[in-house]
Structures are given as C-alpha cells and as structure tokens.
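The structure appears right after this line, and notes come after that.
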Amino acid sequence: MPKLKLSFLGSPQIEHDGRHVEIGASKPLALLVYLAVTGQNQSRDALGTLLWPDSDQSRARTYLRHALWSLKKELGEEWLHISRTQIGLKADVDVWLDVKAFQAGITAVTSHDHSAGQMCPDCLSQLQEAVSLYHDDFLSGFTLPDSPAFDEWQFFQAEALRQLLATALEQLVQ
C-alpha cells in the first residue's frame, strides 16, 4: 500500500501510512492538489499568483512558505521537492492518486485494440475498476473563492474527468 494516498474524485481525502490526514487550511490543500494532479514542478511565482492573486509577489511568496510549512507539518518533508524557484512532489516517492489511476485505467482500455463493440474480459474488469474510483466530481465541495484561476483550473479538470467517465460508462453499457 502506498505511503501517501490522495483521493480527489469526490471531496478531498488524504491518507498517510493508512491514517487520515486533515489539512486544516484550504490553500495548503489546494497547493497539494495542484502539485499532485499536474505532476510537474511549478515555479513559486506561478503558484503564488494562482493561489493568492490579489497579493503582491512578496506577500504571495510569504503565504506560499506558510502553506508549505503546513503541508510539511501534516505530511512530512519527504513528499515535497522544494527549491528556491520550484516546488513539486518528488518523483521517486510512493504516492497513489485516484485521478491518475482513473485516467490510466480508462486510457489502457481505450488504447487496447478491440473489434467494434467488443471488449476483452481483462479490459472490462479494468474499466469497471477505473469507474469505481469515481465517487463524485473532482474536488466536490471544495472551492477557493478568492482564487479564480484555481477555481477555473478545477472546473476544467472536473469537466475533463466527467467526459472520461461518460466515455467509460458508454463502453460498459455496450
């Protein structure tokens, strides 16, 4: 079992070594979600602008440092890659993300060569497993009203995932 389990299909849920972790503030949680889902290192300035758009660069960087401190306090330091200019999740750590598992399951099935209207038993099982991960829309009930760029990113992520779900359900029905 992975040491860090991130479930964002539905309301955000985080488990570390099998125990539920509560990230108290919304900005550190949004930071973790963004880093995990994008899967790439992000510049400090871009993250500051995304999460604190009404703050000047210096204040946004201060808020970002506080958000990072909060994440490190709740999760530990081993998960985050932090440099003077970039922040991301470390590539070599054991993180399970339901969004990635959902996408990978559906992509594997859709890229497998089947004849029209036919699906092999392995793909059927894999598709059912992927669909079972979709408990609700991406970050259901979570919003950052003072960060319209994050809310817009969240909206488009939710829409893309909903579309994948619709495709998967259509394949299951056939």
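Considering 35, 4, which residue is modelled with pLDDT of 95 or more, open to solvent by less than 60 Å² (accessible area, probe 1.4 Å) and either within 15 Å of the chain's Cα centre (by Cα) or of a type in the set (Lys, Arg) (or both)? Talk me through it step by step, then tell me what you get.
Working: 4 fails: modelled with pLDDT of 95 or more.
Being modelled with pLDDT of 95 or more, open to solvent by less than 60 Å² (accessible area, probe 1.4 Å) and either within 15 Å of the chain's Cα centre (by Cα) or of a type in the set (Lys, Arg) (or both) holds for just one of 35, 4, which is 35.
Would you say residue 75 is touching a residue at least 40 places away in the same chain (Cβ under 8 Å), under 15 Å from the mean Cα position of the chain (by Cα) and within 30 Å of residue 44 (Cα to Cα)?
Values: touching a residue at least 40 places away in the same chain (Cβ under 8 Å): yes; under 15 Å from the mean Cα position of the chain (by Cα): no; within 30 Å of residue 44 (Cα to Cα): yes.
Considered against the rule, which asks whether it is touching a residue at least 40 places away in the same chain (Cβ under 8 Å), under 15 Å from the mean Cα position of the chain (by Cα) and within 30 Å of residue 44 (Cα to Cα), residue 75 comes out as no.
Quick check on residue 60: is it under 21 Å from the mean Cα position of the chain (by Cα) and over 24 Å from residue 4 (Cα atoms)?
Details: under 21 Å from the mean Cα position of the chain (by Cα): no; over 24 Å from residue 4 (Cα atoms): yes.
It is false that residue 60 is under 21 Å from the mean Cα position of the chain (by Cα) and over 24 Å from residue 4 (Cα atoms).
When you scan region 116-143, how many residues do you find that are out of contact with any strand residue (DSSP E or B) (no Cβ under 9 Å at 6 or more places or on another chain) and closer than 14 Å to residue 8 by Cβ? Break it down stepwise before answering.
Step one: list which residues in region 116-143 are out of contact with any strand residue (DSSP E or B) (no Cβ under 9 Å at 6 or more places or on another chain), which gives 116-132, 142-143.
Adding the requirement that they be closer than 14 Å to residue 8 by Cβ leaves 142-143.
So the answer is 2.
Which one is nearest to residue 170 (Cα to Cα) among residues in region 106-152 that are polar (S, T, N, Q) and surrounded by fewer than 12 Cβ atoms within 10 Å (Cβ to Cβ)?
First, pick out the residues of region 106-152 that are polar (S, T, N, Q): 107, 110-111, 115, 118, 125-126, 128, 132, 140, 143, 147.
So of that shortlist, the ones also surrounded by fewer than 12 Cβ atoms within 10 Å (Cβ to Cβ) come out as 111, 115, 118, 132.
Details: 111: 15, 115: 16, 118: 12, 132: 14 Å.
Here the answer is 118.
Does residue 52 satisfy being aromatic (Phe, Trp, Tyr), under 16 Å from residue 150 (Cβ atoms) and modelled with pLDDT of 90 or more? Can you show your working first?
Numbers: aromatic (Phe, Trp, Tyr): yes; under 16 Å from residue 150 (Cβ atoms): yes; modelled with pLDDT of 90 or more: yes.
Here the answer is yes, as residue 52 does meet what is asked.
Looking at the structure I just gave you, is residue 95 modelled with pLDDT of 95 or more and of a type in the set (A, V, I, L, M, F, W, C)?
Values: modelled with pLDDT of 95 or more: no; of a type in the set (A, V, I, L, M, F, W, C): yes.
Against the criterion (modelled with pLDDT of 95 or more and of a type in the set (A, V, I, L, M, F, W, C)), residue 95 does not qualify.
Yes or no: residue 89 within 25 Å of residue 165 (Cβ to Cβ) and touching a residue at least 12 places away in the same chain (Cβ under 8 Å)? Give the steps one after another, and end with the answer.
Details: within 25 Å of residue 165 (Cβ to Cβ): yes; touching a residue at least 12 places away in the same chain (Cβ under 8 Å): yes.
It is true that residue 89 is within 25 Å of residue 165 (Cβ to Cβ) and touching a residue at least 12 places away in the same chain (Cβ under 8 Å).
Regarding residue 30, is this residue under 22 Å from residue 160 (Cα atoms), touching a strand residue (DSSP E or B) at 6+ places or on another chain (Cβ under 8 Å) and of a type in the set (A, V, I, L, M, F, W, C)? Don't jump to the end; show me each part of the working.
Working: under 22 Å from residue 160 (Cα atoms): yes; touching a strand residue (DSSP E or B) at 6+ places or on another chain (Cβ under 8 Å): no; of a type in the set (A, V, I, L, M, F, W, C): yes.
So residue 30 does not fit the description; no.
Condition first: surrounded by 13 or more Cβ atoms within 10 Å (Cβ to Cβ) and touching a residue at least 40 places away in the same chain (Cβ under 8 Å). Now tell me which residues in region 46-67 satisfy that.
Once the filter is applied, which keeps residues that are surrounded by 13 or more Cβ atoms within 10 Å (Cβ to Cβ) and touching a residue at least 40 places away in the same chain (Cβ under 8 Å), region 46-67 yields 47, 49, 50, 51, 52, 53, 67.
The values are calculated or read from the model by the stated rules, or taken from the named source; none is laboratory data. Everything quoted here is computed from the prediction, not taken from an experiment. A quick note on method: Cβ atoms are made from the backbone with ideal geometry, for glycine too, and the neighbour counts reach across all protein chains shown. Surface areas here come from the heavy atoms of the whole protein model, side chains and all, with no ligands, DNA or RNA. Shrake-Rupley method; radii C 1.70, N 1.55, O 1.52, S 1.80 Å.
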